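Data first, discussion second: the structure below is written as C-alpha cells.
The values are calculated or read from the model by the stated rules, or taken from the named source; none is laboratory data. What you are looking at is a predicted structure, and each value in this text was computed from that prediction instead of being measured. A quick note on method: Cβ atoms are made from the backbone with ideal geometry, for glycine too, and the neighbour counts reach across all protein chains shown.
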C-alpha cells in the first residue's frame, strides 16, 4: 500500500493544504483570512502551520499594512507538489486513478 | 505566527491534537474535496448578489428611460428618469466594487495577477469614458438626439458584455462568459427595435437575464455548500 505523507495526513493540516491549493500559483493569503475561511482557532491554525512550515510546504512572508504587521501564507513549490502527490496516492489507495 | 497571540491555550492544544488524527482514506479524500468546495463557496458568495443587483439596475434604469415616452398617456419626467437610471447604475457599480473588495481582502496574487487585475479594473472607467467622449464627438459631428438615444445605451451594454467575456476568459468563469455573450447579443438586437421600445427590450432582456444568472449562481452555490458540509462523501 502506498504511504500517505504524514505531514499532510492529519485532518487540520489537510484542510489547510486543501484551502491553500485553491490559490493560484504564487498566490498567498493573510493569516486572519485563512483562519476565517477554515473556521479554526488562531492557536490551532498556528500549530499546524508550523508543522507545514517545518516541512517547507508553506511559504510564510511578513508584510506591513500601515503599521500593522500581516503574515501571508501560500503553498511552496515543494508543498504544492507534495499535495498533488498526496491526492494521487489517496486516489490510488481508493482505487480511483482519476 | 505573529498573528496568533494565544497559540498555547490548553483548549487550542487539545483541539490541535484532535485535528492531528487522520481518518480513513475515503473520509480524508472527502474532507479534502469538501474543504476546497467550502473555500470556493465562500469566495464566490458575492456572485448572486452582484448579478441580482445588476438585474434590478438594468430593469429599473432602462425601465425608467422607457417610461419617458413608452406609455401612452403617461410620461416620466426626463430628470427623474435619468436620475433613476444613473442612481441604479451607480448603486449596482458601488455594490459590485465593495463586494469585490470584501471578497479579495487578505488575498495576494503574484505580480502577473495583480497587473491583470489593475488593467482590467481600470479598463472599466477608461472604456466608459471613451464611449462618452466618442458620443459627444459624434453629437458634435451631427448625430441626432434620436440616434444618441440608441448609441449610448447600446454602446455601454455592448462594452459591459465584452468586459464580462474578457473577465470570464481571464479568470475562467463560464457564467461570466455566458452573461457577457448575452449582453453583447442584447445590445446588438436592441438597436433593431424602434424608439423607445429598445429601452424596454434592454430593461427586460438584460434585467431578467441577470436575475436569472443570480438565481442559477445562488442555486449552484447552495449545491457547493451542501457538498462542502459533507453531503457528498466522495464528491
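Of note:
- Any chance residue B:188 is modelled with pLDDT of 95 or more, in a helix (DSSP H, G or I) and surrounded by 14 or more Cβ atoms within 10 Å (Cβ to Cβ): no
- The single residue among A:20, A:73, A:37 that is more than 8 Å from chain B (Cβ to nearest Cβ), assigned to a helix (DSSP H, G or I) and under 25 Å from residue B:44 (Cβ atoms) turns out to be A:20.
- Screening the candidates B:18, B:42, B:35 for the property of being in a helix (DSSP H, G or I), closer than 29 Å to residue A:47 by Cβ, within 14 Å of another protein chain (Cβ to nearest Cβ) and modelled with pLDDT under 85 yields one hit, B:18.
- Lone qualifier among B:99, B:134, B:183 - being modelled with pLDDT of 95 or more and crowded, with 16+ Cβ neighbours inside 10 Å: B:183
- Residue B:204 vs. criteria assigned to a helix (DSSP H, G or I), farther than 30 Å from residue A:15 by Cβ, within 18 Å of the chain's Cα centre (by Cα) and at pLDDT 95 or above: yes
- Scanning the range A:55-80 for residues that are surrounded by fewer than 17 Cβ atoms within 10 Å (Cβ to Cβ) and over 12 Å from the mean Cα position of the chain (by Cα) returns A:61, A:62, A:63, A:64, A:65, A:66, A:67, A:68, A:69.
- Residues that are more than 7 Å from chain B (Cβ to nearest Cβ) and in contact with a helix residue (DSSP H, G or I) (Cβ under 9 Å, 6 or more places away or on another chain), drawn from the range A:5-17: A:5, A:7, A:8, A:13, A:16, A:17
- Qualifying residue in the range A:41-49 (condition: within 20 Å of residue B:40 (Cβ to Cβ), in contact with a helix residue (DSSP H, G or I) (Cβ under 6 Å, 6 or more places away or on another chain) and at the interface with chain B (Cβ under 9 Å from one of its Cβ atoms)): yes
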